[in-house]
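Okay, so here's the structure we're looking at.
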Amino acid sequence: RFPYICYQNGGGAFLIPYCLMLVFGGLPLFYMELALGQFHRCGCLTIWKRICPALKGVGYAICIIDVYMGMYYNTIIGWAVYYLFASFSDELPWTSCDNEWNTQECVNISVSYLAKNTSTSPASEFFERRVLERQKSKGLDRMGPVKPSLAICVFAVFLLVYFSLWKGVKSTG
């Protein structure tokens, strides 16, 4: 995701403000949050209430951001789990254009250098047309049905994360 954001926002020119904000904004705030939490021995909700009751919303914002980030990254890990199970077939499904989800624009890797600009690779068609099934969506207002196999993979990742965090760090030894 980060290389894509760099490419979309000007390539290497994006790295200069990113590194400046990381060094002068992100890392000091991260260290401050860790130090305050460890010193006061409490979480993000109560630490801001102790420091200044008017800043109690900062703790809630941190929790909401954590939930959104967890959903985002667990979904991506769910895709990886889907790929893992798809890779157990005799032939990897994203290596050829001979599948039911492929379009006419699909070009095998061995002849991709002869293809036009409108051609797509079997791997990208597998992801977009088999994993995500974007062809069934009519846009953001009509996203299409939930794919059960992908939903099971994402749910399994959420369960794994839940049981990993269930009893906390003390239970790991």
### Task
Using +1 at the Cβ of each Lys and Arg and -1 at the Cβ of each Asp and Glu in the chain, identify which of 34, 103, 160 lies farthest towards the dipole's positive end.
34
### Under-5 Å amide H pairs with residue 106, H placed in peptide plane, nonlocal only
120
### Summary
Residue span residue 69 to residue 15: 0.36 nm per residue of separation minus Cα-Cα distance leaves a gain in nm of 17.2 nm
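With the contact rule set at Cα under 8 Å and sequence spacing of 6 or more, what percent relative contact order holds for the chain?
15 percent.
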#### Entry: Listed values (1) 9, 36, 41, 13, 1; (2) 9, 35, 38, 17, 2, 0; (3) 8, 20, 27, 24, 14, 6, 1, entry calculated as P(r) over Cα pairs in 10 Å bins from 0, in percent
(3)
### Summary
Whole-Å distance linking the alpha carbon centroid of the range 46-87 with that of the range 9-31 is 21
### Message
Counting only helical runs of four or more DSSP H residues, what would the 222 nm mean residue ellipticity of the chain come to if each run contributes -39,500 (n - 2.57) and the total is spread over all its residues?
### Response
-17000 deg cm²/dmol
### Task
Just need log10 I(q)/I(0) for the range 1-41 at q = 0.14, 0.23, 0.34 Å⁻¹, Debye formula, equal scatterers on the alpha-carbon atoms, no solvent, rounded to two decimals.
-0.45, -0.72, -1.00
### Query
Could you give the dipole magnitude of the chain about its Cα centre, charging the beta-carbon of Lys and Arg +1 and that of Asp and Glu -1, in debye to the nearest 20?
900
### Task
Just the isolated ones, please: cysteines in the chain lacking another cysteine beta carbon under 4.7 angstrom.
6, 19, 42, 44, 52, 63, 153
### Query
What FRET efficiency do you get for residue 95 and residue 54 if R0 is 45 Å and r is their Cβ-Cβ distance, rounded to the nearest 0.05?
0.20
### Query
How would you order 85-91, 54-60 from highest to lowest mean count of nearby Cβ atoms within 10 Å?
54-60, 85-91
### Query
How long is the gain from residue 149 to residue 39 if the chain were fully straight, where each residue apart is worth 0.36 nm and the alpha carbon distance is subtracted?
35.1 nm
### Query
What net charge do the residues around residue 122 carry, taking every other residue with its C-beta under 12 Å from that of residue 122, with Lys and Arg at +1 and Asp and Glu at -1?
-3
### Query
Mind checking the angle between helix 56-86 and the chain's longest principal axis? C-alpha axes, 0 to 90 degrees, to the nearest 10.
30
## Note on the structure
In degrees, nearest 10, the alpha-carbon axis of helix 148-165 is tilted away from the dominant principal axis of the alpha carbons of the chain by 30
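We did not get these values from a lab; they are worked out from the coordinates using the rules stated. What you see is a predicted model; the values in this text were computed from it and never measured. FYI the Cβ positions are ideal-geometry reconstructions off the backbone, even for glycines, and counts take in every protein chain you see.
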